[in-house]
Amino acid sequence: MRWLFLLVGAAVLAMVAVAIILFPSSSERPVASPSSTPKPSRTATSPAPPKVKEFTDPCGTFDTTTKNFYAVTGYWITPKSNPCTWRHQLQEIHRAGGDTIIRIGYGLQFRGVSDSGEVLSKDGTLDPLYKACEEDGLSCHDAAERDLRKANPGNRIGRTYVYRTDEAFGDDLFRCPGMEHRVKVGDRIYYRMVAPPDGSDDATCDFTKKATSYDMILVAGSAKDSLKELLDLADQFSMQVFPALPLAPRDPETPTRANRKHIGTLTTLTRRILQDYGVRFADRRALGGVYQPFEVQMGSTLATNPTLEVYADQHRIVEQELSKPILISPYLDARKRVGFGQTPAQVAEAFKALARTGVGIIAPQDSRGTGKVGLFWPDERETEVDERLRSVVGEAAYGTAYHGSTRDYYREMAKAREEMIQAGHQVELWANVEAFEPSGKEPCAPQGTRGQTDKKRLDQAVTMAGRYVQKIVSYMWSDFMTCGDPSLQDEIASDWQRPIAVDAIRRARDPQDGVEVRGYNLDGSTVLVEWSGGTKELVVAAVGWLDKDPLDEHPARMSTAWVPFDWNQVPPGEWVRIRVKGESGKQTTTPLHVRVSA
């Protein structure tokens with residue numbers, strides 16, 4: 001994983017001055033980091049190298065060597081009850097070059113209770129998950145209320161919340177041990193907590209002074225801690241894990257927003273969990289940070305969305321208890337034919353609003369998998385959309401269907417990030433490239449219609465976003481990377497060495513004019529430049545140079561190649577296609593579209 005550093009020195013400034021002559025996606029200049037930009041802090045520690053090449057446990061023998069160095073280095077996974085499934089998943093992800101795991105989690109839920117204090121499901125029936133929680137012949141709800149009334153007869157439980165997890169927490173989850181404790185029932189451990197509804201979580205634990213209404217949070221946990229097991233496993237594979245924070249209850253009127261009525265209780269639960277993490281895991285290298293799974297759309301109305309209060313509250317708690325970054329993954333919608341479609345400029349403003357909450361990593365979904373954004377170049381605006389997008393935008397040209405392309409949005413967000421860094425907000429921009437299609441003949445997941453995509457399309461997404469981000473991750477490994485025959489996982493294993501170019505600029509190396517290409521798998525490569533006057537094949541090793549060290553603020557494994565090329569032979573304003581051919585003869589599946597502007 002690459003961390004945030006800035007370009008400094010006169011030599012680099014000179015390079016930037018030359019680089020603005022040619023632009024990869026439009027006539028706008030690429031984002032450059034000025035030397036005056038404050039240097040942001042690292043968002044997480046780097047994974048340590050694997051200690052051994054393989055390890056054996058009851059699930060089998062697992063190889064810890066990386067086989068395929070693909071551009072995508074992080075993936076979402078879903079909770080699994082079988083620990084051997086995780087071991088196989090992490091081995092597969094590590095073999096594909098992954099070093100980061102983002103775990104999907106669970107939500108805090110507000111629930112009603114029966115006359116006997118038993119937790120009810122949303123449909124009003126008894127919830128079997130919490131029915132077994134009993135103390136002294138009473139439901140856990142009634143037992144907690146009994147204990148509160150012993151302290152002060154006027155005390156009561158005003159609201160009841162539940163949270164399910166496969167984790168096991170330590171004693172630091174509890175603030176008031178006299179009123180809070182575990183209830184063990186078989187392999188299930190319940191955690192009973194009570195707190196004021198405003199999120200203040202009074203540390204005095206004095207329940208006697210004033211009759212008060214309290215919130216009860218009943219956590220259904222596990223006897224074995226899945227997070228510890230996952231962190232231990234991540235250590236074996238030299239990976240980092242971002243476990244999910246509790247998801248906020250949704251506004252019943254507007255489900256895309258967090259319900260402000262419950263933010264105080266969410267804050268309490270988040271604080272308790274992070275206090276426990278801080279004691280047990282703060283020094284664990286495998287813990288990269290935490291993931292807030294509540295998704296928001298990036299747009300002009302985001303600044304008034306109460307979900308940003310959740311982000312800000314949780315950031316403050318993470319800073320106090322864990323000193324690790326929060327990762328969020330909002331989504332884009334570029335469609336012109338819907339009222340909520342947003343322009344790149346509007347999304348850039350939303351990025352700033354998110355950065356101001358203090359989150360450390362913003363990984364916007366590229367939204368190509370859902371069909372809400374298209375992958376196209378400026379000179380392809382009149383081209384018909386990919387047929388796989390027609391179920392979402394109909395039969396239309398890209399320019400008719402979308403306000404902009406994926407590249408346009410990430411470019412504007414990269415500019416917004418630079419502005420935020422200048423203002424003192426330490427934030428990284430990652431790309432979450434969606435590894436699925438809007439629909440398919442056979443859905444990949446048990447629920448929904450999302451279908452299988454292919455590596456060619458994923459390479460295209462990397463090409464569009466890779467220029468502007470610090471890391472590329474993908475939603476998700478479970479289901480989507482393993483769907484079909486051959487699966488996307490299989491395609492990456494057989495084709496990972498294919499070059500992927502993400503950027504090309506005009507750059508002179510005195511006294512020669514030339515082109516600089518950034519991308520993946522450029523070893524032994526040939527740069528192909530195609531324009532109206534012909535095609536040139538330029539072997540990097542013979543006529544140019546290759547720098548394998550990624551530039552600051554670019555993803556790991558990205559390298560830079562330069563070859564001489566006389567741009568005066570290209571008519572001004574003409575779009576040029578640039579491809580890269582690797583040693584094996586495989587070419588980039590997506591050519592770069594660039595043009596001379598001056």
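The values are calculated or read from the model by the stated rules, or taken from the named source; none is laboratory data. Everything numeric here is computed off the predicted structure, so don't read it as measured data. Every residue, glycine as well, gets a Cβ built from its backbone with ideal geometry; the counts of neighbours run over all protein chains shown. For the accessible areas, the whole protein counts, side chains as well, though only heavy atoms, and no ligand, DNA or RNA atoms are used. Shrake-Rupley method; radii C 1.70, N 1.55, O 1.52, S 1.80 Å.
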Tell me, which strands (runs of 3 or more DSSP E) lie completely within the range 449-523 with 1 or more residues that are open to solvent by 30 Å² or more (accessible area, probe 1.4 Å)? 471-475, 500-506
Scanning for something of a type in the set (Phe, Trp, Tyr), buried (at least 24 other Cβ atoms within 10 Å of the Cβ) and part of a strand (DSSP E or B), does the range 400-412 turn up at least one residue? yes
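Inside the range 152-171, can you point out the residues that are open to solvent by 20 Å² or more (accessible area, probe 1.4 Å) and of a type outside the set (Lys, Arg)? Let's see the steps before the verdict.
Here is the first cut: in the range 152-171, the residues open to solvent by 20 Å² or more (accessible area, probe 1.4 Å) are 152-154, 156, 158-159, 164, 166, 171.
Listed by number, the residues that qualify are Asn152, Pro153, Gly154, Gly158, Asp166, Asp171.
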Kindly indicate whether any position in the range 99-109 is within 30 Å of Ser329 (Cβ to Cβ), among the basic types (Lys, Arg) and modelled with pLDDT of 85 or more. yes
Which of (1) surrounded by 15 or more Cβ atoms within 10 Å (Cβ to Cβ); (2) of a type in the set (A, V, I, L, M); (3) not in a strand (DSSP E or B) is the odd one out, the single condition Ala541 does not satisfy? (1)
Selection from the range 524-533 of residues that are at pLDDT 95 or above, open to solvent by 10 Å² or more (accessible area, probe 1.4 Å) and not hydroxyl-bearing (Ser, Thr, Tyr): Gly524, Leu528, Glu530, Trp531
May I ask you to say which residue of Thr383, Thr343 is free of Cβ contacts under 8 Å to residues at least 60 places away in the same chain and of a type in the set (S, T, N, Q)? Thr383
Mind listing just one residue for me: the one in the range 572-598 that is in contact with a Gly (Cβ under 8 Å, 6 or more places away or on another chain) and at pLDDT below 95 and, of those, nearest to Glu537 (Cα to Cα)? Glu583
Residue check: is Phe351 assigned to a helix (DSSP H, G or I), among the aromatic types (Phe, Trp, Tyr) and either open to solvent by 10 Å² or more (accessible area, probe 1.4 Å) or under 28 Å from Ile102 (Cα atoms) (or both)? yes
Are there any pairs with C-beta distances below 8 angstrom linking a residue in the range 122-139 that is on the phi < 0 side of the Ramachandran plot to a residue that is assigned to a loop (DSSP other than H, G, I, E, B) and polar (S, T, N, Q), with the two at least 6 apart or on different chains, and if so which? Leu126/Ser114; Asp127/Ser121; Ser139/Ser116
Applying the selection to the range 570-582, what residues are within 8 Å of Thr526 (Cα to Cα) and assigned to a loop (DSSP other than H, G, I, E, B)? Gly582
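Restricting to the range 379-392, and then to whatever is open to solvent by 10 Å² or more (accessible area, probe 1.4 Å) and in contact with a strand residue (DSSP E or B) (Cβ under 7 Å, 6 or more places away or on another chain), can you tell me which residue is farthest from Gly451 (Cα to Cα)?
Narrowing the range 379-392 to residues open to solvent by 10 Å² or more (accessible area, probe 1.4 Å): 379-384, 386-388, 390-392.
Now restrict to residues that are in contact with a strand residue (DSSP E or B) (Cβ under 7 Å, 6 or more places away or on another chain): 379, 381-384, 388.
Working: Asp379: 29, Arg381: 25, Glu382: 26, Thr383: 24, Glu384: 21, Arg388: 10 Å.
So the residue we want is Asp379.
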Scanning the range 92-135 residue by residue, those open to solvent by 20 Å² or more (accessible area, probe 1.4 Å) and part of a helix (DSSP H, G or I) turn out to be Glu92, Arg95, Pro128, Leu129, Lys131
Cβ-Cβ under 8 Å, sequence separation 6+ or interchain: first residue in the range 237-260 and under 20 Å from Ile104 (Cα atoms), partner of a type in the set (Lys, Arg) and assigned to a loop (DSSP other than H, G, I, E, B). Which pairs? Gln240/Arg285; Arg250/Arg257
